[in-house]
Each structure stands twice: as structure tokens, then as C-alpha cells.
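Please read the structure below before turning to the comments.
No value in this document is a laboratory result; all are computed from the given coordinates. All values reported here derive from a predicted model rather than from experimental measurement. Ideal geometry is used to build each Cβ from the backbone, glycine not excepted, and the neighbour counts take in all protein chains shown.
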Amino acid sequence: MIARARDPRAFLLRGFLALAFALIAAIAVAAPNYPEPAGRIVDQAGVIPEATRASLRAKLKDLEDRSGIQLVVATVKTLDGYDVETYANGLFRYWKLGEAKKNNGVLFLVAPNERKMRIEVGYGLEGTLTDALSKVILASAVAPKFKAGDYGAGIERGVEGIIEILSGDSAEWVKKAPEERPLFEQFLPLLFFALLVFIFIMMARSAGRPAHYRRYRRGGPPIIILPPSGGGWSDGGSSWGGESSGGSGVDSFSGGGGSSGGGGASGDW
């Protein structure tokens, strides 16, 4: 009896499918366990007193009624091993905060067990609720209350600060924010150093050439040195893909399809 030769294509296909299933399983296990949206306040960690929650809910609803901006507060029991930036951006996109065309959503995330917090800002509000202003709110208004163990007061003060800035009343917060230098000024020392290195290399190469070559170049046409081509700088923003839809909550809230590219600020206490 003659044994049939194995089809190498079938063997490769089975191997590819096994690898694909393993990767899918690994991703499913590693995915954060995001809470479902149950309103403008999701207190999974159970640190916001009921009285504070009622006050916050009214302020958040009023902001959305006046401006269309969706500001949501979320406390979580764990970040599932992720850094707060990655978790907050993923939760923002999972809930699709803000309107789809305006991307005017904001997420105020607090993880008490990891002592981490973040203000995640939608694309459309990054020019108003800047990274610097978000940082000032967390550092000066929220962190001191959290250090004292008063999570309710810290979250309420943070929400009030965010609403003030989004409502155009940001003068006091701007005074506290450090002045941000233009990106070109931040890279100016590096550019100057790179130019010196380039000049030094060109001089060294010229000094190492034979004398008759240097004499020939002196008598020839002028040498034009062009700077090396290169791309621009990135401001650290990131692009994320893969969104899941949110759902309606007890206070008639649902995400509007908005997204965030990582704008905002993080902090701890």
C-alpha cells in the first residue's frame, strides 16, 4: 500500500489558522474589561458620594444641553495592567464620547487603586481644553483633594474646572499653566548642535582630501551644500483604530460617535 504524500499547502493552511486563533485568543484575553456606559457618571470604584453624584449629574447634563459637549466621569476598580493613557483613550473610543462630526467629548477617568487619573479630550476640543490646562486642573484642583482622601470633592472640583474652561472662563487656569514654548524653539538647541556636527564632518572630509583635489575645487565652480532632506516633527499625538459602540444609560445618555487622539493630561497623587 502506497502512502499518500502530504499536501504542503494544506499543512501551511492549518498552521496559519492555528496561529491566527492563538493571536485572537491572546488579544481577547489582553483586552481591557471596559465598564458599560450607565450614564454621565460611572462610579465602578464606588468612591463618589450620592449627594456629589447628583450634583455632578446636573452639571454635566447642563453642559451638554448648552453646548453639545459630552463630559463623562468614570472611576474604575482597575486599569487591567494598562497605563492610564492607553486605558482612557480606549474607554473614550469604546463609549464614542462627543458628536461624530465635532468630536467634542471629554472623559475624566479616575483609578483610585492605582492612584492614577486622566482627562482625555476629543479631537475637536484639544484647542480649548489644552494639555497644559488639563494638567493644571489635575495638579492644582484634584490631586490635593485626593491626597486628603476626599474623592468626591476632588472629582467635583475637577469637573468644575473642565466646565469653566470649556465655557470660556479659563483666565484663572491660564495663569496657573506654564507657558508653552513653540515646538521650533524646543528643538532649536538640537538643530544648532546638528548643524555644528554637519559642518565639522564636512571640514574633516575636506581636510582629508589630496592637495591637488582641493586646488582643483578652488578653481572650479562654487560648491553648493544642500541640507539633508527630512520630515517634520510630530507632537506626540497618536492614531488609534477599532471602536466599539456605547449604549444608553439611566439618564438618557449615549455616546454620539466621537473620538480622541490622545489629547489631555494624566496625573497621580
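Computed quantities for the displayed model
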| quantity | calculated |
| --- | --- |
| Sequence ranges 261-268, 78-85, 105-112, ranked by mean other-Cβ count within 10 angstrom, highest first | 105-112, 261-268, 78-85 |
| Whole-Å distance, taken between Cα centres, linking region 83-110 and region 49-64 | 19 |
| Spin-label zone in region 121-162 - amide nitrogen under 12 Å from a point set 7 Å from the Cα of E172 along the C-beta vector | 141, 157-158, 160-162 |
| Cβ crowding within 10 Å averaged over residues, with 39-46, 159-166 ranked highest first | 159-166, 39-46 |
| Entries in K61/K96; K101/K175; K77/K145; K116/K147; K101/K135; K77/K116 that, when Cα-Cα distance is taken, lie over 21 Å | K101/K175; K101/K135 |
| Relative packing of 87-96, 123-132, 47-56, which averages over residues the other C-beta atoms within 10 Å, highest first | 87-96, 123-132, 47-56 |
| Positive-pole candidate from G90, P112, I48, dipole of region 22-129, charges at beta carbon | I48 |
